[in-house]
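One structure is given below, encoded as structure tokens.
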Amino acid sequence: MAETQTKLRAVAPPGDDIAHLRAELDALRYENNKLRTINEVLMQRVELGWGNFSTAYSAFQKAAMLTEKVATKALKLQQTQSRLDEATLDLTRTRLEKEVTHQRLSDLLESISDAVVLFDQNRRLVLANSHFYEFWSGTGATIVAGETRLVDLIPMSIRYGIFEPRSTPPERPGATEEGRKDSVFRLTNGRWLQMSERPTSDGGLAVVYTDITAVKEEEFRERERVIGEKSVILQSTLDNLPQGVSLVSADNRLEAWNQRFIELSGVKPTAVRQGVDFTTLLRDCEIGAEVADLRELLCDCDPETGFCEQEKELTNGTVLDIRSHPVLGGGFVVTYTDITERSRNASALRESERRLRLITDAMPALISYINSERRYEFANKTFEQWFDRPSVEIEGQYMWQVLGDTEYRNHEPYITRALAGDVVNFELEQQLPGPRKRISYKTYVPHYGAKDRVIGFFALEQDVTEKRRTAQALKHAYQHMEQRVFERTRELTELNQTLQREIAERALIEESLLKATREAEQASESKVKFIAAAGHDLLQPLNAARLFSAALQERSLPDGANDLAGSLARSLDDVESIITTLVDISKLEAGVVEPVTEAFEVNELLGTLATEFGVQARQQGLEFRYARSSVVVHSDSQLLARILRNFLTNALRYTDSGKILLGARRRPEGLDIEVADTGVGIPEDQLEVIFGEFQRLDGSHKRDTRGLGLGLAIVDKLSRVLGCEVFVRSLPSRGSVFTVRVPYGRLAQRSADAVILLPELYNLQGRQVLVVDNDEAICLGMETMLGGWGCSVTSAQTIAELDEVIGHSGARPEVAIVDYQLDDDATGFDAVKHIDALLGRSVPVVMITANYTKDLRENVTGSGYHLLNKPVKPHKLRLLLTRLLQDGG
């Protein structure tokens with residue numbers, strides 16, 4: 001249509017041009033008539049006698065010129081008339097073309113299945129097809145082209161019952177891309193129309209009404225399907241919630257619920273249905289009085305969020321947390337949570353706090369707790385009296401608010417150290433409220449939370465003002481005494497001269513004593529070397545015997561043979577215990593045992609001991625319990641293990657029935673590692689004696705008579721080497737508790753590997769093991785014992801044999817058990833280096849030795865190997881192989 005209108009404007013001249021031509025034609029006609037009149041008058045005058053005057057010729061000449069002008073004007077008039085005729089012809093042609101175009105446009109609109117309406121610039125109806133008029137047929141409405149306006153159509157459609165009032169927008173929709181305006185509304189006959197408006201190039205408007213009933217019906221069906229699926233998902237979600245949930249509409253009707261709601265609320269299952277009145281449903285329930293009327297429940301709601309919460313304890317002891325949440329569109333979601341256990345824990349916590357406060361309030365010292373933000377969270381009664389403030393004005397306050405700026409600055413260095421994890425002890429004179437000044441001795445103990453992070457510290461403060469004043473008085477008295485001492489010194493000088501003469505005489509005697517002492521030390525050193533050498537020589541065959549004994553015990557034997565094998569193993573244990581004990585005593589007396597201290601997690605050591613001695617305890621019919629601890633200590637793990645093994649060995653030996661406990665307790669001075677048993681106990685007068693050499697309890701109270709009575713003597717000497725304290729407390733017939741206190745340590749980087757506690761030994765079936773030992777009996781014993789465990793064992797006695805075992809036979813061991821001292825001055829380190837070269841890779845290594853020196857331990861652990869001392873304990877070896885093969889493959 002826009003192209004047709006543009007074409008019509010190009011053919012027909014504009015209306016202003018036609019009016020101009022007509023005005024110009026009228027002017028020319030007026031001039032022409034005027035000239036003709038002038039010409040006639042002049043001619044008449046000429047004819048009447050103007051020729052008798054001297055000016056007659058000039059007048060005639062003027063008349064001729066006027067005649068020429070009249071002719072020219074007449075010619076222009078004729079040209080204008082011709083142009084006007086052409087314009088009239090073009091206008092007629094244009095009107096015809098316009099009528100044809102209008103008819104074609106009407107035909108085009110009629111061919112469109114949608115209702116189409118055209119409006120002019122003033123939004124008056126210009127043209128519409130029959131589909132548009134069909135909407136109004138039979139309604140009585142009058143639609144007149146050129147009069148009906150766009151703004152009148154919607155009110156008329158509502159008035160004559162074509163559109164539903166609620167389906168029509170209150171205002172015309174906003175424009176979309178390219179000036180389009182679309183809106184959707186529903187007819188009274190149930191069908192849906194989409195009205196689309198598009199502007200024309202001349203400022204008019206084209207409106208199209210499209211029937212989208214099929215599209216809307218498909219949309220409704222899809223929406224119902226999605227709503228149905230969401231309802232199923234919602235119900236499934238509700239059914240799997242641990243809370244009871246009920247959805248209540250704005251008119252207090254139950255719309256959705258889950259089974260947990262029925263269980264917790266106590267409503268009758270048969271009464272629960274969609275649409276039931278919520279107040280009526282809960283009327284007969286025990287919780288009904290609390291939530292029967294949601295409007296009443298909302299009286300205590302948060303005015304901003306609409307959230308309500310309350311707790312209800314039922315007669316059966318169950319405690320429910322009932323909460324109401326408003327939802328969009330009105331209505332509420334009510335949840336029911338069983339918090340019985342949490343409520344009981346909270347009550348127990350409050351009671352515990354009450355008891356703790358009673359205890360601390362009765363203590364004369366100041367006790368408080370400060371969190372990591374340096375706020376007080378607890379203060380006892382003495383603390384309140386000291387600062388003359390109630391606890392409600394202390395708890396929750398920052399330290400500088402309670403202490404004051406000056407005192408806080410004095411305390412700040414110690415506070416920083418405590419929050420860094422240090423136990424801090426210091427003494428300080430402190431200004432209190434008013435003119436009071438007191439001296440207190442303070443101890444700050446850090447409080448560790450998750451991942452050993454300090455989350456606060458405990459503060460213990462004791463008033464030592466009077467004690468310090470007494471010390472000051474004593475100082476003055478001491479200064480007075482110094483004067484008296486000076487006087488006495490002069491008297492003693494004379495006496496000293498006499499004594500010097502006696503000293504000279506005694507020096508001669510001391511020289512003789514020193515000579516005798518050196519001779520005794522040389523004899524003692526010879527004794528130590530002899531015992532150490534003898535112990536090493538004895539341990540070699542003993543180690544082989546232990547291996548054969550372990551292999552024999554793991555085989556199926558007749559009952560009598562089993563008893564003999566067990567007796568043999570126990571005898572070998574006794575021999576090993578005697579030899580290692582004598583060697584240890586000799587080394588400790590000679591002072592050749594040096595600790596290798598390092599920081600490590602105590603759980604690594606305790607876990608290994610628990611696994612080793614747990615099996616022995618169960619074999620004796622005893623219960624063995626182990627409490628894990630993640631504390632880091634600083635000590636020699638090997639020597640500390642020797643101490644704890646002696647504790648555990650004694651516990652097994654002197655406990656006939658009951659249980660044994662291995663665990664640790666945090667103390668301000670260090671970590672107490674304890675071994676407790678329910679054995680025969682120790683009389684009070686024997687508690688100091690048992691740490692002497694060759695001291696044992698009455699044999700009638702022991703499980704057996706094995707041992708030399710040197711175990712606790714070794715513990716006493718090892719504790720002195722480590723600088724640790726050892727304690728014991730015991731009750732006869734009730735049991736004993738042996739304790740070693742170890743200093744705390746700090747790891748440079750915390751290990752992420754947890755200690756592996758094996759509930760049972762790992763299956764070693766088919767694992768490849770290489771044994772290197774210069775003793776043929778030990779190799780044979782190892783092959784027998786490891787073969788009994790299911791291992792595939794290859795052995796070599798020299799480094800040269802490794803070429804045959806690995807290089808030619810193609811053995812590919814997964815772990816190597818290597819003796820440290822080999823023939824021809826070779827060591828286990830040389831053997832491991834040769835093994836790695838033959839295999840082209842490194843394998844886990846267990847180094848076995850009878851050498852207990854510090855240097856060897858450091859070399860083995862520094863090389864990443866694992867050290868076992870001879871004679872090897874089969875259970876300990878199997879446990880180590882289990883862990884190495886699990887970690888490595």
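Quick check: is even one residue across the stretch 853-869 of a type in the set (Val, Ile, Thr) and touching a helix residue (DSSP H, G or I) at 6+ places or on another chain (Cβ under 8 Å)?
There is no residue in the stretch 853-869 that is of a type in the set (Val, Ile, Thr) and touching a helix residue (DSSP H, G or I) at 6+ places or on another chain (Cβ under 8 Å).
Condition first: among the hydroxyl-bearing types (Ser, Thr, Tyr) and either free of Cβ contacts under 8 Å to residues at least 24 places away in the same chain or buried (at least 22 other Cβ atoms within 10 Å of the Cβ) (or both). Now tell me which residues in the stretch 731-744 satisfy that.
Residue satisfying the conditions is 736 alone.
Are any residues in the stretch 772-802 over 19 Å from residue 843 (Cα atoms), in a loop (DSSP other than H, G, I, E, B) and more than 53 Å from the chain's Cα centre (by Cα), and if so, which ones?
Hits for the stretch 772-802 are 774, 775.
Scan the stretch 855-867 residue by residue and report those that are modelled with pLDDT under 85 and open to solvent by less than 60 Å² (accessible area, probe 1.4 Å).
The answer is 856, 857.
Okay, residues lined up against (1) modelled with pLDDT of 80 or more; (2) at positive phi; (3) assigned to a strand (DSSP E or B); (4) basic (Lys, Arg):
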residue	(1), (2), (3), (4)
173	no, no, no, no
183	no, no, yes, no
189	no, no, no, no
194	yes, no, yes, no
207	yes, no, yes, no
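Here is a check on your reading of the model: is residue 666 over 26 Å from residue 745 (Cβ atoms), outside any loop (DSSP other than H, G, I, E, B) and touching a Phe, Trp or Tyr at 6+ places or on another chain (Cβ under 9 Å)?
no
Each row is one residue, and each column tells you yes or no for (1) under 29 Å from residue 669 (Cα atoms); (2) loosely packed, with under 14 Cβ neighbours inside 10 Å; (3) under 38 Å from the mean Cα position of the chain (by Cα).
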residue: 342; (1), (2), (3): no, yes, yes
residue: 348; (1), (2), (3): no, yes, yes
residue: 357; (1), (2), (3): yes, no, yes
residue: 370; (1), (2), (3): yes, no, yes
residue: 385; (1), (2), (3): no, yes, no
residue: 407; (1), (2), (3): yes, no, no
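Quick one: is residue 886 in contact (Cβ under 8 Å) with a residue 40 or more places away in the chain and open to solvent by 40 Å² or more (accessible area, probe 1.4 Å)?
Judged against the criteria, residue 886 is a match.
Quick check: is even one residue across the stretch 246-264 in contact with a helix residue (DSSP H, G or I) (Cβ under 8 Å, 6 or more places away or on another chain), open to solvent by less than 50 Å² (accessible area, probe 1.4 Å) and assigned to a helix (DSSP H, G or I)?
Checked against the condition, which is being in contact with a helix residue (DSSP H, G or I) (Cβ under 8 Å, 6 or more places away or on another chain), open to solvent by less than 50 Å² (accessible area, probe 1.4 Å) and assigned to a helix (DSSP H, G or I), the stretch 246-264 yields at least one hit.
Can you tell me which residue in the stretch 409-430 is surrounded by the most Cβ atoms within 10 Å (Cβ to Cβ), limited to those that are among the acidic types (Asp, Glu) and touching a residue at least 12 places away in the same chain (Cβ under 8 Å)?
Per the stated criteria, the residue is 422.
Identify, by number, the condition in (1) open to solvent by 100 Å² or more (accessible area, probe 1.4 Å); (2) modelled with pLDDT of 75 or more that residue 57 doesn't meet.
(2)
So in the stretch 821-833, with the set limited to residues that are of a type outside the set (A, V, I, L, M, F, W, C) and touching a Phe, Trp or Tyr at 6+ places or on another chain (Cβ under 8 Å), which one is surrounded by the most Cβ atoms within 10 Å (Cβ to Cβ)?
828
Does residue 94 satisfy the criteria of being of a type in the set (Val, Ile, Thr) and within 30 Å of residue 129 (Cβ to Cβ)?
yes
Only one of these is open to solvent by less than 50 Å² (accessible area, probe 1.4 Å), within 22 Å of residue 775 (Cα to Cα), aliphatic (A, V, I, L, M) and part of a helix (DSSP H, G or I): 872, 818, 805, 846. Name it.
Within the list 872, 818, 805, 846, the selection yields 805.
The values are calculated or read from the model by the stated rules, or taken from the named source; none is laboratory data. All values derive from a computational prediction rather than experimental measurement. For neighbour counting, all protein chains shown are included, and Cβ atoms are generated from backbone atoms with ideal geometry for every residue, glycine included. The protein model used for the area step is the full one, side chains on, heavy atoms only, and it has no ligands, DNA or RNA in it. Shrake-Rupley method; radii C 1.70, N 1.55, O 1.52, S 1.80 Å.
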